[in-house]
Amino acid sequence: MTSDLSPIDKAKLAAASRAADLVEPGMKVGLGTGSTAAWLVHALGERVRDEGLRITAVPTSTRTAELARAAGIEVLGLDALRWLDLTIDGADEFDGQLNLIKGGGGALLHEKVVATASDRMVVIADASKQVETLGAFPLPVEVIPFGWQTTKTLVEEVLIGLDVLGRNAVLRMNGDAPFVTDEGNHILDLHLHRIGQPRQLSLVLNQIPGVVENGLFIDICDAVVIGYGDGRVELRDITAGTVEKARVALPERDNIFGDVSD
Ligand code: 5RP
């Protein structure tokens, strides 16, 4: 039952439920990765089942692809669809301009490609993800395995000249082994504490040989749906310049989305 959910999970569910209503019949939709995106997949699955909603979806990770198929959503690769109407995804942080840090779940590369290939990107998040300045959350950077230690040194060196408060880069682990992304790469988590100039940092990081992509999403996100534990949601659209406040009825049912995991 939703009463078993933590306030954060209820907030994620509320944001995901509101965002699921943005999806229209026939749309080509990018599906993000993470626990909030998992709620979205379930909410869309309900619409597919209950309303006969027909959509085609491009998942941003193998995990999301499995969830989407299980929810009865038609899944295709990005090359089959080429361009999408809408991508809905979670985020680790967002600021007032809707610049994002993403990649906490390790899917930043596919997430950035899919979001960029969409007419519109909407982030779904609980209110704790909103920040004044990006950087408290460690910035994920995807690097190729070959020479990753050299890449790490180069990353730490370029950070010296940039507007950040920390420079520690940590190889993400999965147990005793380095974490491996869907593209077979590794992730460096940069403990920067404060990112003064995210656009500049993103450009500089992507110039370093061995870096595939970084988790800063600049000028990609159009709107955010912020969820609260009591079911309130706020849809802030910076492209349209609108703010909509509403309340989502959180369903009271056994087993509701009980298998959602990050
Ligand atoms: C995965 C991501 C996620 O969107 C981000 O980590 C947020 O996850 P969650 O919704 O579980 O808090 O970027 O790569």
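Residues in the range 200-241 that are outside any loop (DSSP other than H, G, I, E, B) and open to solvent by 70 Å² or more (accessible area, probe 1.4 Å): 3 in all. Looking at 81, 67, 134, just one residue is closer than 28 Å to residue 208 by Cβ and among the aliphatic types (A, V, I, L, M), and that residue is 134.
With the condition kept exactly as written, say whether any residue in the range 165-174 is closer than 19 Å to residue 61 by Cβ and either free of Cβ contacts under 8 Å to residues at least 60 places away in the same chain or over 19 Å from the mean Cα position of the chain (by Cα) (or both). Checked against the condition, which is being closer than 19 Å to residue 61 by Cβ and either free of Cβ contacts under 8 Å to residues at least 60 places away in the same chain or over 19 Å from the mean Cα position of the chain (by Cα) (or both), the range 165-174 yields at least one hit. Checked against (1) at positive phi; (2) within 23 Å of the chain's Cα centre (by Cα), residue 108 passes all but a single condition, namely (1).
If you filter the range 19-38 down to residues that are in contact with a strand residue (DSSP E or B) (Cβ under 9 Å, 6 or more places away or on another chain) and away from the ligand (no atom under 15 Å from the Cβ), you find that the one that is nearest to residue 225 (Cα to Cα) is 22.
Considering only residues in the range 51-87 that are among the β-branched types (Val, Ile, Thr) and over 20 Å from residue 137 (Cβ atoms), the one that is surrounded by the fewest Cβ atoms within 10 Å (Cβ to Cβ) turns out to be 62.
Kindly indicate the residue of the range 25-46 that is out of contact with any helix residue (DSSP H, G or I) (no Cβ under 6 Å at 6 or more places or on another chain) and without any contact (Cβ under 8 Å) to a residue 60 or more places away in the chain and also nearest to residue 72 (Cα to Cα) among those meeting that condition. That would be 45.
Looking across the range 1-45 at every residue that is under 13 Å from residue 248 (Cβ atoms) and small (Gly, Ala, Ser), the one that is surrounded by the most Cβ atoms within 10 Å (Cβ to Cβ) is identified as 15. Among the residues of the range 127-147, the ones that are crowded, with 19+ Cβ neighbours inside 10 Å and not β-branched (Val, Ile, Thr) come to 8 in all. Considering only residues in the range 24-55 that are under 17 Å from the mean Cα position of the chain (by Cα) and either assigned to a loop (DSSP other than H, G, I, E, B) or modelled with pLDDT under 95 (or both), the one that is nearest to residue 118 (Cα to Cα) turns out to be 32. Cβ-Cβ distances below 8 Å connect no pair with a first residue in the range 57-77 that is at positive phi, a second residue that is more than 15 Å from the ligand (Cβ to nearest atom) and in a loop (DSSP other than H, G, I, E, B), and a separation of six or more residues or different chains.
The values are calculated or read from the model by the stated rules, or taken from the named source; none is laboratory data. Note that the coordinates shown come from a computational prediction; the quantities given were computed from them, not determined experimentally. Here the Cβ is made from the backbone with ideal geometry for all residues, glycine too, and neighbour counts use every protein chain on show. Surface accessibility is based on the protein's heavy atoms, side chains included, excluding ligands, DNA and RNA. Shrake-Rupley method; radii C 1.70, N 1.55, O 1.52, S 1.80 Å.
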